Amino acid sequence: MRYYSVVNLQSMKALTFGMTLVRHGETQYNKEGLLQGQAIDSPLSDIGLQQAEAAGRYLKDVKFSNVFVSDMLRAKQTAEAIMKHNNSCSGLQMACDPLLKEKSFGIAEGQRVREVKEMAKAAGQSFPIFTPPNGETQEQKLLKMVTERVKEFLEKMLQQIGAEHWRDRGEDGISEASPVEGKADDGVRGVPVHALVVSHGAYMCVAVRFLVEELHCSLPPGSDKAHLFSLSPNTGLCRFILNMRKEDDRFKLSGIRCVFAHRGDHVKQ
C-alpha cells in the first residue's frame with residue numbers, strides 16, 4: 001500500500017483538517033466487565049445511549065464535514081446520536097467502514113476479564129500480554145493487524161478528504177496551535193474541514209500510539225504518555241489537527257498535532 005511520510009512544509013500550500021476520534025457509548029458488556037471484540041455486536045445500554053446523547057449535545061455546535069464510523073452496532077448508534085444533535089451533520093452521510101472495527105479477542109469474547117486472567121495464569125502468562133486462542137496477539141495488534149487497519153483507514157480518509165475538500169485550503173494551509181480552553185471546538189475553530197470518527201477502545205489505543213510513535217504527532221504541553229496511550233472512557237474524545245499536501249494526484253500528510261486526548265467532560269456534566 002502506498003503511504004505517506006511526515007515532512008515540514010511551511011512554504012507550500014496545504015489543506016488543514018481536524019479529526020475527532022470518539023469511542024462508542026457503554027454497552028451491557030462494558031458494564032459487566034465482559035470482552036466484546038468483533039464477534040459480539042452488542043447495542044448500547046441505557047447508560048450508553050445517555051452518554052451518546054450527551055456527546056451529541058456537547059458537540060452540537062462543532063462543525064463536521066465528514067463522518068466515518070465502525071460498522072459495528074454500538075459505534076453506529078453512538079454516531080447517530082451525535083449526528084442527530086449536530087446541525088452541520090444534517091446533510092452528511094455516515095460512512096460505515098470495517099477498517100474501524102474493534103480488535104478480536106478470540107475465544108475470550110463474552111467472558112469476564114477475571115476469567116481471561118485465569119486462562120493466562122493457566123498458560124503461565126500474565127494477563128496484559130496473554131493471547132486467547134484465535135485472538136490477535138500483542139505484537140499482531142500493535143505492529144500488524146490492527147495497526148495495518150489504522151494505516152489503511154488513514155490513507156483512505158486522507159485521499160477522500162483531499163479529493164472532496166482541497167479547494168477549501170487556506171493561503172498556506174498551516175494551522176497554528178491555539179490555546180486549549182476546555183471548549184467543544186478547541187483546535188477546530190476556523191478549520192473548515194473536520195472528520196468525526198467513531199470507533200472502539202482498543203482500536204483507538206492502537207491508533208493514538210501509531211500517530212504519536214510512527215507519525216511523530218506533536219503533543220499538547222505537559223502531556224503524559226501513560227494517559228495518552230490509555231483506554232478512552234465510553235464516548236471519550238481525542239482530537240488531532242492534520243495538514244496535507246498534494247503531489248501529482250495523491251495527497252500526503254505533512255504534519256499532525258494532538259489537541260487533547262480522552263476528554264469526557266460531557267459525561268461528567
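Across segment 70-114, the number of residues qualifying as farther than 22 Å from Arg149 by Cβ and of a type in the set (D, E, K, R) comes to 4. Return the residue satisfying two criteria in turn: it lies in segment 143-161 and is of a type in the set (Asp, Glu) and at pLDDT 95 or above, and of such residues it is surrounded by the fewest Cβ atoms within 10 Å (Cβ to Cβ). Across segment 143-161, the extreme among qualifying residues is Glu152.
Scanning segment 102-142 for residues that are at pLDDT 75 or above and part of a loop (DSSP other than H, G, I, E, B) yields Glu102, Lys103, Ser104, Glu109, Gly110, Gln111, Ala123, Gly124.
Yes or no, residue by residue, for (1) in a helix (DSSP H, G or I); (2) within 27 Å of His24 (Cβ to Cβ):
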| site | (1), (2) |
| --- | --- |
| Gln159 | yes, yes |
| Gly162 | yes, no |
| Pro179 | no, no |
| Ala207 | yes, yes |
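Can you tell me which residue within segment 181-194, out of those that are surrounded by 21 or more Cβ atoms within 10 Å (Cβ to Cβ) and out of contact with any Asp or Glu (no Cβ under 8 Å at 6 or more places or on another chain), is nearest to Asn66 (Cα to Cα)? Looking at the filtered set, the residue picked out is His194. Restricting to segment 228-264, and then to whatever is among the hydrophobic types (A, V, I, L, M, F, W, C) and in a loop (DSSP other than H, G, I, E, B), can you tell me which residue is surrounded by the most Cβ atoms within 10 Å (Cβ to Cβ)? Once the filter is applied, the top-ranked residue is Phe229. The condition of being within 21 Å of Phe17 (Cβ to Cβ) and modelled with pLDDT of 90 or more holds for only one of Val197, Val180, that being Val197. Within segment 44-80, track down each residue that is part of a strand (DSSP E or B), within 16 Å of the chain's Cα centre (by Cα) and either surrounded by fewer than 24 Cβ atoms within 10 Å (Cβ to Cβ) or not β-branched (Val, Ile, Thr) (or both). Once the filter is applied, which keeps residues that are part of a strand (DSSP E or B), within 16 Å of the chain's Cα centre (by Cα) and either surrounded by fewer than 24 Cβ atoms within 10 Å (Cβ to Cβ) or not β-branched (Val, Ile, Thr) (or both), segment 44-80 yields Asn66, Val67, Phe68, Ser70.
Go through (1) closer than 22 Å to Lys144 by Cα; (2) out of contact with any Ser or Thr (no Cβ under 8 Å at 6 or more places or on another chain); (3) modelled with pLDDT under 90 one by one and return the number of the condition Val206 breaks. Val206 satisfies all of (1) closer than 22 Å to Lys144 by Cα; (2) out of contact with any Ser or Thr (no Cβ under 8 Å at 6 or more places or on another chain); (3) modelled with pLDDT under 90 except (2).
The values are calculated or read from the model by the stated rules, or taken from the named source; none is laboratory data. This is a predicted model, so every value here is computed, not measured. Methodologically, a virtual Cβ is constructed for each residue, glycine included, from the backbone with ideal geometry; neighbour enumeration extends over all protein chains shown.
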